[in-house]
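All of the numbers you see were taken from the coordinates with simple rules; none came from a lab. Since this is a predicted model, take the numbers as computed values, not measurements. Glycine gets a Cβ as well: all are built from the backbone with ideal geometry, and neighbour counts include every protein chain shown.
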Amino acid sequence: MTTSPTPPPSDPAPDRSADAVPGAAEAADVWDVVVVGAGPAGASAAHAAAAAGRRVLLVEKASLPRYKTCGGGLIGPSSGALPPGFRAPLKELVYACTFSMNGRWTRTKRVRGKGEMFGLVNRPEFDAGLVAAAREAGAHVREDATVQRVDEDAHGVRLTLAGGETVHARALVGADGSAGRTSAYVGVVFDQVDLGLESEIPVPPEIADHWRGRVLIDWGPLPGSYAWIFPKDDTLTVGVICARGNGEATRAYLRDFIARQGLAGFRPSVTSGHLTRCRADDSPLSNGRVLVAGDAAGLLEPWTREGISYALRSGRAAGETAALIAAARDDADVKEATEAYRTRIEATLGREMRAGRLMLAAFERRPALFHNAVSHIPKAWSAFEGIVRGRRTLADYVERPAIRKALRFVAR
């Protein structure tokens, strides 16, 4: 296993820029690109913009490292989107997956051939490593800096921080979550909101060994719900997710799931909850010189709610686009860059999200059909394994006419 370096303290404020934009910001430092939020999307955006030669500030409201409710699965598309040379601090390599249907009909499937299905990370370490990589690329980092307001004029973007300080930028990438200031500024529209609950449960060595190299996915009793166990050294990450509005039922599902796995007697080191939000198909991804990426843009897979790969890929694209906006000569150049970003996201992540919506609609109606398929039909398991490894995308399968027709029939 490898670990990424712990980032140093926040960087100091920069020297005054010699090429500051005119007008209201004349006397202020002006960054080429400011990124709000230091999760995978924000750190990837900061890295991409800095690697393009831009002067970058990454702003984070918390102190790093910080916890995030997340299973921590690093699937194939995530690995392919990491910064060049970055070595993820993997806690476990997964070679097998056990499926169950609300605790019944348990079946374990193993990878075929060489290599693992995917890796598992602890988000505090993983996120901190990505921030360190952004620093190494030249980005400056400020922690404990909360953005309270975003404004824009002919000269660029102005952020107002808690305490009244202002920060000026030629381009801004918002990666501060679906409830953040930048998402609201862009006007992101969400059409799916889910509640995820999670516990980090330290376990004795014999139990940790039982889960070594294997995860559990349990298709749950509530429409669209499922639970998971992801092992990470001597700790099991145990969680459930379901549509918002079923809070008590979701909590009961987590309690029952933990008890069924014989883990009720162990005290969690962390318990947490988090709302995930998926964007509507026609939701904007930018407003003027402000782009959004990752959770702030509502970019995650609607069926599995996998978000790390979406954050990494959209963050990189947003950082590259922000670097272009910072060098834009006029509004036409800005519009061209933001339209290219929208087209890029729609053609990749948007396509995958549309496939995920159809999968979720069918899964909500007939979860047992999905369980039986992935557990007993070799081609279905092969497709699942190929998607997780990053060899194919969900859309590659769902867009096949026969499969799309079958899913729509099941979803009726």
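I need the shape label for segment 356-411. Rule: rounded when a/c is under 1.5, else prolate if a/b > b/c, else oblate, with a, b, c from the alpha carbon gyration tensor. Judged from the Cα gyration tensor, segment 356-411 comes out oblate (a/c at least 1.5, b/c at or above a/b). Toward the positive end of the charge dipole of segment 356-411, with +1 on the Cβ of Lys and Arg and -1 on the Cβ of Asp and Glu, the farthest Cα among His376, Ile403, Ala362 is that of Ile403. Comparing Tyr341, Val141, Val173 along the charge dipole axis of the chain, the residue lying farthest to the positive side is Tyr341, per the Cβ-charge model.
For the chain, the number of Lys pairs separated by eight or more positions or lying on different chains, with C-alpha atoms closer than 24 Å, is 10. For segment 206-334, the square roots of the Cα gyration tensor eigenvalues, ordered a ≥ b ≥ c, give a/c of at least 1.5 with a/b greater than b/c, which places it in the prolate category.
Helix 367-376 and the long axis of the chain differ in direction by around 70°, with both axes built from C-alpha atoms. Each Lys and Arg contributes +1 and each Asp and Glu -1, all at the Cβ; summed about the Cα centre of the chain, the dipole is approximately 2060 debye. Shape verdict for the chain, please, from the Cα gyration tensor: rounded (a/c under 1.5), prolate (a/b greater than b/c) or oblate. Verdict is prolate for the chain. Given the DSSP H assignment, sum -39500 (n - 2.57) over each helix run of at least 4 residues in the chain and divide by its residue total; what's the result at 222 nm in deg cm²/dmol, nearest 500? Theoretical 222 nm ellipticity from helices: -10500 deg cm²/dmol. Between Tyr95 and Lys405, the C-beta separation translates, for a Förster distance of 41 Å, into a calculated FRET efficiency of about 0.75.
Return one number: the angle in degrees, 0 to 90 and rounded to the nearest 10, between the long axis of the Cα atoms of helix 123-136 and the longest principal axis of the Cα atoms of the chain. Here the helix axis deviates by roughly 30 degrees. Dipole magnitude for segment 78-227: about 780 debye, using +1 per Lys or Arg Cβ and -1 per Asp or Glu Cβ, origin at the Cα centre.
Here the scattering of segment 295-371 is modelled by Debye summation over its C-alpha atoms, one equal scatterer each and no solvent; at q = 0.20, 0.21 Å⁻¹ the log10 of I(q)/I(0) is -0.85, -0.90. Averaged over residues, the count of other Cβ atoms within 10 Å places the peptides 125-137, 189-201, 350-362, 316-328 in the sequence 316-328, 125-137, 350-362, 189-201, highest first.
Phi-derived couplings, Karplus 6.51 cos²θ - 1.76 cosθ + 1.60 at θ = phi - 60°, listed residue by residue for segment 326-343: 4, 9, 5, 7, 7, 4, 5, 5, 4, 4, 5, 5, 5, 5, 5, 5, 4, 4 Hz, with x used for Gly and Pro. A cut-off of 5 Å between modelled amide H atoms, ignoring neighbours fewer than 5 places along the same chain, links Val35 with Leu57, Leu58, Val59, Val173.
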